[in-house]
Amino acid sequence: MTPHTLSFSFICVLTIFTLFHCSLSITIGNTTNIRCIEYEKAALLEFKNDLVDGANLLFSWNNSNEDCCKWYGITCNNQTGRVTEIRLRGSDDMAGFENQDASIQKLGGKLNPSLRNLTSLEVLDLSSNDFGGNPIPTYVGSLKTLTYLNLSESSFSGEVPSQLGNLSALLVLSVRNIYSGDQYELRAESLRWLSGLPRLRHLDMGGVQLGQVFDWSQVTRTLPSSLVELHLSYCGLPPITPGLTINLSSLSTLDLSYNNFSTNSIPIWISSLRSLVSLNLAYCQFNGPVPSGLMDIISLTTLDLSYNQLTGIQTTSENICNLREISLSGNKFDGKNLSDVLASLFQCESSQLESLRFAVSGLSGNLPPQIGNLKNLVNIDLNGNSISGSIPDSLGNLSSLRTLELVSNQISGTLPDSIGRLSSLETLYLSSNLISGPLPDSLGRLSSLVDLDLSNNEINGTLPLSIGQLTNLINFNIDQNLLRGVVTEDHFANLTSLVTLGANGNMLRFELSDNNWEPPFQLERLSLNSWSLGPNFPPWLQNQRNLFILYIASTGISDDIPSWFWNSLSGLKYVNISDNNFSSMSLDDFFCPNEEQKQVIYINLGNTNISGVLPDCWTTWEFLNIFNIQNNNLTGELPRSLANLSSLESLNMRNNKLSGELPATLMNSMSLQIIDLAENEFTGGIPISIGGEASVLKLLNLRSNRFNGEIPDELCRLDSIQILDLADNNLSGRIPKCFHNFSVIAGKVDPSQIFELAKDEFMGSAWLVTKGRMNGYSSILGLVTYLDLSGNDLSGGIPSEITQLVELRSLNLSGNGLTGRIPENIGDMKVLEALDLSRNRLDGVVPLSMSRLNFLNWLNLSYNDLTGRIPTSTQIQSLGESSFLGNRLCGAPLRLMCERQGGGGGGGGGVGDVGEEEGDGGSDGPDWGLITSIVVGFVVGFWVVVGPLIGSKSWREKYFEFLYDIWCKFCYRTPKNSSKKRFRR
């Protein structure tokens with residue numbers, strides 16, 4: 001080939017390459033410049049117009065922004081410019097927003113049917129929004145190009161449209177509706193439309209109510225065989241049909257959690273799903289053992305069977321070694337040994353297990369040392385069992401472990417030093433066990449530790465200095481242990497991340513070498529009750545500006561509360577500085593330092609030796625729920641602005657020197673549950689509630705004051721009252737007949753065990769005089785029902801209506817001037833445990849019905865004018881004589897016998913002249929009821945046998961033949977009788 005030919009060929013190739021390159025550039029340029037189609041843009045704008053967009057998320061959706069393919073959430077086809085995807089998923093994590101802010105981060109409104117104009121739409125994701133209960137529009141079923149449809153957790157309600165079955169190209173369908181609760185309920189009238197989705201791989205209908213239409217045999221035939229994931233949690237599914245056959249060979253994820261299958265054990269057909277990777281059957285009420293076939297599924301890596309009624313695991317398969325997560329918490333392995341339950345796992349040469357959860361399952365035994373062989377473990381949760389013994393050293397081998405939870409077991413012994421080798425450990429919860437001994441220094445090597453809870457154990461010794469090296473520690477709780485010794489600033493040297501410090505109930509003393517010490521942390525919660533912090537108020541608290549919980553009760557402080565207290569700690573919500581000495585504190589400076597609104601919900605200043613008059617400035621305390629200032633030296637009147645606080649739920653000012661009349665508004669409160677003003681010097685009448693809504697007051701204690709006048713009938717409007725103590729005042733008049741309006745005490749409303757205050761964050765507590773002594777109540781206060789009107793000047797009779805208080809447990813009317821008889825039907829008060837009617841002028845007999853009070857263990861009827869026999873019952877006869885002294889009564893437990901007269905019970909008999917009984921015997925007279933029963937029984941029994949013998953010859957013959965046979969047998973077996981005598985009839 002000549003040089004000219006080569007040159008020409010080269011030029012031709014170069015020309016062709018140049019032309020191709022230009023053509024390609026033009027094509028690419030045209031593709032880049034493709035914009036969305038105008039009518040699709042109009043459809044999107046129309047769709048936007050019907051949406052509520054409080055956060056302006058769709059600000060880019062406007063005419064001035066011409067290319068809708070660049071709008072927020074929109075994706076177009078590069079070649080055609082058609083809209084293929086709409087992704088407008090709302091925020092999943094609303095934790096950082098207040099409720100009002102969270103709502104505007106979600107789209108609302110309704111779905112305009114203009115989306116039908118988007119003929120190439122493949123993806124529609126409107127999940128995690130709030131459409132306010134609007135139904136899922138039926139037109140969605142006409143978007144036939146859809147392959148992905150996600151409408152989950154968006155507050156739709158009504159029926160899931162069957163038109164969704166027209167979406168034959170659909171691969172993913174999610175209409176999950178769990179977190180909307182009952183407010184917006186989604187349901188399905190039929191599931192036959194699922195057969196129109198042959199390509200479906202992912203189906204999530206969690207929370208959609210299917211119980212009325214779900215037929216297991218029908219639905220399993222309807223589900224496409226291509227399905228890979230099936231989520232039907234919270235659907236109200238009926239019990240699973242036994243012997244079911246399912247052809248879902250591709251299924252890798254099955255979630256049937258939170259359905260009630262209480263009549264079933266785990267169905268066998270689940271074991272036939274050989275492609276399963278994840279199985280969730282939590283909260284399904286399955287019973288029986290975990291079937292062995294389930295553990296044979298080779299592909300299974302995640303198994304959640306928590307909170308059922310399962311009784312054990314049946315497996316010897318090596319396939320269990322493939323499991324990565326297993327949760328069997330909340331089952332019924334009662335008494336089973338932990339080592340036996342985990343035996344199969346311990347046989348694995350190389351276990352893949354990362355998460356082991358068996359909390360609250362009734363397991364016992366020791367924590368086996370073989371657990372240290374499960375080298376991949378990341379999470380261990382064995383809370384709430386009966387596991388005993390010590391923590392094995394081998395636990396230190398679990399270098400990947402991040403969470404160890406053994407709360408509420410019976411773990412004993414000391415913490416092993418090997419625990420310091422858990423370099424990845426982030427959470428260590430060992431509270432409520434029997435762990436003893438000192439804390440190991442190796443705790444300081446847990447460099448990743450974030451949460452450490454060792455509360456409610458028996459740990460002793462001193463707090464190790466190495467704790468101060470835990471730079472990532474956020475929450476540290478050693479409440480209620482036996483720690484002693486000195487704590488210095490060195491213990492906190494590097495705790496720069498610390499947010500919560502709880503160390504109540506230890507005997508620790510905080511000593512600072514530098515009075516100007518500034519902690520390296522910013523706490524939010526501080527609880528050091530029972531430490532020694534005084535005598536000065538801790539100055540280092542001044543820089544803890546994030547603090548909202550401050551508990552430093554019983555800490556030996558004897559000082560003024562510093563002037564910086566509210567300025568520096570303005571975010572405080574919960575304050576307990578009780579049982580210290582603030583005798584020189586200025587009440588005005590503490591309660592009214594400025595006009596700024598306080599955030600305080602709970603404050604306890606009880607037993608702090610404060611004195612003076614409470615200022616009337618409580619309008620700045622509008623969030624206050626619980627106020628305790630008992631056992632001090634306060635004087636003056638109760639401030640009206642305090643009585644008017646609309647959020648106040650518990651007011652405890654007992655044992656002060658407060659005086660004057662109570663504000664009338666106090667009894668009109670719609671929030672107060674507890675009012676305890678006992679042992680003060682209040683005067684005037686008991687304030688009455690005037691109309692309005694029903695009160696929620698449960699405890700009213702005005703004991704030991706100087707109230708006078710009558711008990712107002714309006715008090716009966718307090719229908720929620722359970723504890724009413726008006727004892728030791730100067731009240732007069734009659735006992736109101738309307739006390740039966742107290743709904744709880746009358747048994748019309750069930751009580752709750754706990755007085756829940758401040759949105760269930762606190763339990764109510766009270767001191768009450770029961771059975772002659774002062775007793776404290778807290779955790780069972782809600783079960784106490786109590787009425788005490790003793791030590792007044794009440795007159796008239798005991799109203800019979802009071803016996804309608806059938807749930808009353810303690811009744812004290814002693815020390816008044818009550819007359820008349822004890823109500824005959826007092827035995828209707830069947831749960832009554834304490835009854836004191838002493839020191840009145842009651843007459844007549846003790847009602848016989850009192851013998852029905854089976855729970856009565858305290859009774860005082862002394863010093864009245866009662867007569868006759870004491871009723872007979874195990875409870876009454878077990879009481880002492882002092883319960884009946886000062887009357888004209890007879891019979892046990894008194895040694896004075898009653899006359900032998902006819903009749904019985906409370907009205908029969910009287911005090912006779914027999915005198916005292918001798919010895920241990922003695923009788924109260926004949927029991928005519930018993931005698932009559934014996935006589936009648938004898939007569940009836942005699943004539944039942946003899947009557948037929950006299951009246952019937954055949955009966956006589958049979959009877960005497962029977963006797964003859966018995967006689968013959970007796971004679972035959974007795975050697976002394978050698979002859980038989982013939983018996984002639």
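The values are calculated or read from the model by the stated rules, or taken from the named source; none is laboratory data. Quantities reported herein were computed from a predicted structural model and do not represent experimental measurements. Here the Cβ positions follow ideal geometry from the backbone for every residue, glycine too, while neighbour counts run over all protein chains shown.
Could you list, in sequence order, all residues of segment 589-625 that are of a type in the set (S, T, N, Q) and either on the phi < 0 side of the Ramachandran plot or out of contact with any Ser or Thr (no Cβ under 6 Å at 6 or more places or on another chain) (or both)? Passing the criteria: 594, 597, 599, 604, 608, 611, 619, 620, 625. Apart from one condition, residue 404 fits all of (1) aliphatic (A, V, I, L, M); (2) part of a loop (DSSP other than H, G, I, E, B); (3) without any contact (Cβ under 8 Å) to a residue 40 or more places away in the chain; the exception is (2).
Looking across 254, 194, 244, one residue alone is more than 37 Å from the chain's Cα centre (by Cα) and within 30 Å of residue 133 (Cα to Cα). It is 194.
Listed here are the residues, each with its yes/no results for (1) in a loop (DSSP other than H, G, I, E, B); (2) outside the structural domain of residue 410 (by TED's automatic domain parsing); (3) within 23 Å of residue 574 (Cα to Cα); (4) β-branched (Val, Ile, Thr).
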| site | (1), (2), (3), (4) |
| --- | --- |
| 444 | no, yes, no, no |
| 447 | yes, yes, no, no |
| 467 | no, yes, no, yes |
| 535 | yes, yes, yes, no |
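Please determine whether any residue of segment 340-348 is out of contact with any His (no Cβ under 7 Å at 6 or more places or on another chain), at pLDDT 90 or above and in a loop (DSSP other than H, G, I, E, B). Taking every residue of segment 340-348 in turn, none turns out to be out of contact with any His (no Cβ under 7 Å at 6 or more places or on another chain), at pLDDT 90 or above and in a loop (DSSP other than H, G, I, E, B). Against the definition (over 25 Å from residue 395 (Cα atoms), assigned to a loop (DSSP other than H, G, I, E, B) and within 34 Å of the chain's Cα centre (by Cα)), how does residue 463 come out, yes or no? No; evaluated as a whole, the condition is false for this residue.
For (1) within 32 Å of the chain's Cα centre (by Cα); (2) in a helix (DSSP H, G or I), each residue gets a yes or a no:
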| position | (1), (2) |
| --- | --- |
| 598 | yes, no |
| 606 | yes, no |
| 615 | no, no |
| 641 | no, yes |
| 647 | yes, no |
| 654 | yes, no |
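Go through 817, 797 for me and flag whichever is touching an Asp or Glu at 6+ places or on another chain (Cβ under 7 Å) and not aliphatic (A, V, I, L, M). Exactly one of 817, 797 is touching an Asp or Glu at 6+ places or on another chain (Cβ under 7 Å) and not aliphatic (A, V, I, L, M), namely 817.
Among the residues of segment 694-705, are any hydrophobic (A, V, I, L, M, F, W, C), at pLDDT below 90 and touching a strand residue (DSSP E or B) at 6+ places or on another chain (Cβ under 8 Å)? No, there is no match, as no residue in segment 694-705 is hydrophobic (A, V, I, L, M, F, W, C), at pLDDT below 90 and touching a strand residue (DSSP E or B) at 6+ places or on another chain (Cβ under 8 Å).
Does residue 779 satisfy the condition of being at pLDDT 95 or above, among the hydroxyl-bearing types (Ser, Thr, Tyr) and either in contact with a strand residue (DSSP E or B) (Cβ under 7 Å, 6 or more places away or on another chain) or assigned to a strand (DSSP E or B) (or both)? Spelling it out, it is not the case that residue 779 is at pLDDT 95 or above, among the hydroxyl-bearing types (Ser, Thr, Tyr) and either in contact with a strand residue (DSSP E or B) (Cβ under 7 Å, 6 or more places away or on another chain) or assigned to a strand (DSSP E or B) (or both).
When each of 371, 387, 380 is tested for being of a type in the set (Val, Ile, Thr), at pLDDT below 95 and either crowded, with 20+ Cβ neighbours inside 10 Å or over 30 Å from residue 299 (Cα atoms) (or both), the lone residue that passes is 371.
Among the residues of segment 703-715, not a single one is of a type in the set (Val, Ile, Thr), touching a Phe, Trp or Tyr at 6+ places or on another chain (Cβ under 6 Å) and within 25 Å of residue 810 (Cα to Cα). Assuming residue 575 fulfils every condition listed in (1) within 33 Å of the chain's Cα centre (by Cα); (2) crowded, with 16+ Cβ neighbours inside 10 Å; (3) within 20 Å of residue 639 (Cα to Cα) apart from one, which condition is it? The failed condition is (3).
On the stretch given as segment 148-183, residues that are part of a loop (DSSP other than H, G, I, E, B), of a type outside the set (Lys, Arg) and either under 35 Å from the mean Cα position of the chain (by Cα) or buried (at least 17 other Cβ atoms within 10 Å of the Cβ) (or both) total 20. Among the residues examined, residue 594 does not qualify as modelled with pLDDT of 95 or more and more than 16 Å from residue 526 (Cα to Cα).
Conditions (1) touching a residue at least 24 places away in the same chain (Cβ under 8 Å); (2) assigned to a loop (DSSP other than H, G, I, E, B); (3) surrounded by 14 or more Cβ atoms within 10 Å (Cβ to Cβ), marked per residue:
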| residue | (1), (2), (3) |
| --- | --- |
| 716 | yes, no, yes |
| 719 | yes, yes, yes |
| 746 | yes, yes, yes |
| 754 | yes, yes, yes |
| 769 | yes, no, yes |
| 774 | no, no, no |
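Applying the condition of being aromatic (Phe, Trp, Tyr) and within 27 Å of the chain's Cα centre (by Cα) to segment 547-572 and asking which residue is surrounded by the fewest Cβ atoms within 10 Å (Cβ to Cβ) yields 548. If you take the residues of segment 191-232 that are crowded, with 17+ Cβ neighbours inside 10 Å and small (Gly, Ala, Ser), which of them is nearest to residue 146 (Cα to Cα)? Among those that are crowded, with 17+ Cβ neighbours inside 10 Å and small (Gly, Ala, Ser), it is 196. For the condition aliphatic (A, V, I, L, M), under 28 Å from residue 117 (Cα atoms), within 48 Å of the chain's Cα centre (by Cα) and modelled with pLDDT of 50 or more, residue 34 does not qualify.
Every residue in segment 184-193 that is part of a loop (DSSP other than H, G, I, E, B) and under 22 Å from residue 142 (Cβ atoms), please.
188, 189, 190, 191
For segment 792-823, the tally of residues that are closer than 16 Å to residue 736 by Cβ, out of contact with any His (no Cβ under 9 Å at 6 or more places or on another chain) and among the aliphatic types (A, V, I, L, M) stands at 6.
Which residues, counting only those in segment 849-895, are under 48 Å from the mean Cα position of the chain (by Cα), part of a strand (DSSP E or B) and over 15 Å from residue 830 (Cα atoms)? Residue satisfying the conditions is 860 alone. Residue 243 - would you say it is at positive phi and modelled with pLDDT under 85? For residue 243, the condition - at positive phi and modelled with pLDDT under 85 - is met. Name the residues in segment 177-202 that are over 23 Å from residue 220 (Cβ atoms) and either modelled with pLDDT of 90 or more or out of contact with any Phe, Trp or Tyr (no Cβ under 7 Å at 6 or more places or on another chain) (or both), would you? Within segment 177-202, 179, 180, 181, 182, 183, 185 meet the criteria.
In summary, residue 665 fulfils each of the numbered conditions (1) assigned to a helix (DSSP H, G or I); (2) buried (at least 21 other Cβ atoms within 10 Å of the Cβ) with the single exception of condition (2). Of all residues in segment 272-310, those that are surrounded by fewer than 17 Cβ atoms within 10 Å (Cβ to Cβ), hydroxyl-bearing (Ser, Thr, Tyr) and modelled with pLDDT of 85 or more total 3. Considering only segment 681-699, I want to know if a residue exists there that is among the hydroxyl-bearing types (Ser, Thr, Tyr) and either in a strand (DSSP E or B) or in contact (Cβ under 8 Å) with a residue 40 or more places away in the chain (or both). Checked against the condition, which is being among the hydroxyl-bearing types (Ser, Thr, Tyr) and either in a strand (DSSP E or B) or in contact (Cβ under 8 Å) with a residue 40 or more places away in the chain (or both), segment 681-699 yields at least one hit.
Being touching a Cys at 6+ places or on another chain (Cβ under 8 Å) and over 21 Å from residue 365 (Cα atoms) is true of residue 259.
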